[in-house]
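One structure below.
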Amino acid sequence: MYIQRLHHSALQTGSLTVRHDHAPQNHNIWHYHEELEFIYIKKGNGTFFVGDCIQPFSDNFLVLIGSNTPHYWLFDEQYVREEAPARADIHVVHFKTDFCGADFLDLPEAGLIKKMYRKAGRAISLDIKNSFLPQFFDSLLPKTPLSRLSSLLETLCAISELPSWTTLVSEGYSNPQQQEDHGRMNKIFEHIRLHYRGKIPLEEIAQLAGMTSNSFCRYFKQKTGKTLIQFVNEFRIGQACKMLNDTRASVKEVCFDCGFQNFVSFHKTFKSIMSTTPSSYRDAANKSLMAQF
C-alpha cells in the first residue's frame, strides 16, 4: 500500500464534489488531497487513521478533515470484500478552502471559518447529536449546484459557531510532506496493520524502513509524535475495542487476539489509553446499545 495524492477537483464541474457510496471508494487507501473532506459514515464499521490518530469508527461517525491531512479508512472485511454481505452508507463532500471565492477568507465575517479550517488540519470529530449535520448530508445530493454551495456554507458556519471542537490529531504531529516520507511511512503503517497480532521487532521494522534501529526511533517519533510501541499499542487497543463491542469473546480472548502477550499488560495498556477497564468499556457499550431500543 502506498500513499496517494488524490485530485477530487479534477473530476468536478462545480466548486465541490458530493458522493453517496454504499461501498468504500478511495477510502481503503492511505491518501491525502488538497480538498477538505467532510464525511458522514451513516452505516459502516472499521478503524480510522488520520495523522497520528487511530480511532475505531462505527455507525453515525462524522468528521471534517483538513487540506493535505493524510488519512485512511480501514473498513471491516464485511464491507470491502467481493460480494460483501454488508452495505455501507457513506456521504462525503470534498471542497477547497476557497470554494466561495479566492478572497472569501479575507473577509472579517469569515474569521471563524478560517480558524475552523486550521483546526480541521487535526481532524474535527463532530457529534451526531447536532441534528443539522445528518440532515445536511441526507438532503444534499438532490439539490442544485447553487443550493449545495449555500447549504455547505451555512453548515460550515454552524460548525464554526459551536462552543468547542474535538480534534483527533495531536498538536505535536508533524505532517510528512515529502513523497519519500509518504512511501516509507506507508510501508511501516501497512506492516503494523498486517502483523499487529504477533510480535513486531524494532529491528525488523527499521530494516523495512531502510534505517538503523536508532535512526528509525528518532524518525518515527518525529513523524508521529509517538514511539513505535505506543503506536502499535494504540492500534491493538482500537482492535480490542471493536471486539469488545461486536463480539462475545471473553476479555482474555480479546487480549491475545489483539497481539498482547499477557493479560496484565493488556489491562494496564487498555486503561491507560481508554481511561477505563476492558470490562467496564464493554458494559458501557452494551448499556449504550440497549438505550437505543
Discussion item. As I understand it, the value is the acute angle between the Cα axis of helix 278-291 and the longest principal axis of the Cα atoms of the chain; what does it come to in degrees, rounded to 10?
Written reply: 40
Practice prompt. For the range 181-291, give the magnitude of the charge dipole about the Cα centre (Cβ charges: +1 Lys/Arg, -1 Asp/Glu; no others), in debye to the nearest 20.
Written response: 180
Worksheet, complete the sentence: Heavy-atom accessible area per residue of the range 4-167, all protein chains kept, 1.4 Å probe, expressed in Å², is 46
Worksheet entry | Unit charges on C-beta of K, R, D, E only; dipole of the chain, Debye | 760
Worksheet item: How would you order 144-153, 219-228 from highest to lowest mean count of nearby Cβ atoms within 10 Å?
Response: 219-228, 144-153
Item to complete: Just give me a number: lysine pairs in the range 4-167, eight or more positions apart or cross-chain, with C-alpha atoms less than 18 Å apart.
Response: 5
Worksheet item: Expressed as an acute angle from 0 to 90° and rounded to the nearest 10, what is the orientation of the C-alpha long axis of helix 213-224 relative to the principal long axis of the chain?
Response: 30
Worksheet item: Is it possible to state the helix-based mean residue ellipticity at 222 nm for the chain, with each DSSP H run of 4+ residues giving -39500 (n - 2.57), the sum divided by total residues, to the nearest 500 deg cm²/dmol? What is it?
Response: -13500 deg cm²/dmol
Item to complete: Please list, or write none, the lysines whose alpha carbon is within less than 18 Å of the alpha carbon of K221, excluding same-chain residues fewer than 8 places away.
Response: K187
Worksheet item: Is the range 101-164 rounded, prolate or oblate when judged by the Cα gyration tensor, a ≥ b ≥ c being the square roots of its eigenvalues, rounded requiring a/c under 1.5 and prolate requiring a/b larger than b/c?
Response: oblate
Worksheet item: What's the carbon and sulfur percent of the chain's accessible surface, probe 1.4 angstrom, rounded to a whole number?
Response: 50
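The values are calculated or read from the model by the stated rules, or taken from the named source; none is laboratory data. In this text the structure is predicted, and so the values were computed from the model without any measurement. Every residue, glycine among them, receives a Cβ derived from its backbone with ideal geometry; neighbour counts consider all protein chains shown. Side chains included, ligands, DNA and RNA excluded: accessible areas come from the protein's heavy atoms. Shrake-Rupley method; radii C 1.70, N 1.55, O 1.52, S 1.80 Å.
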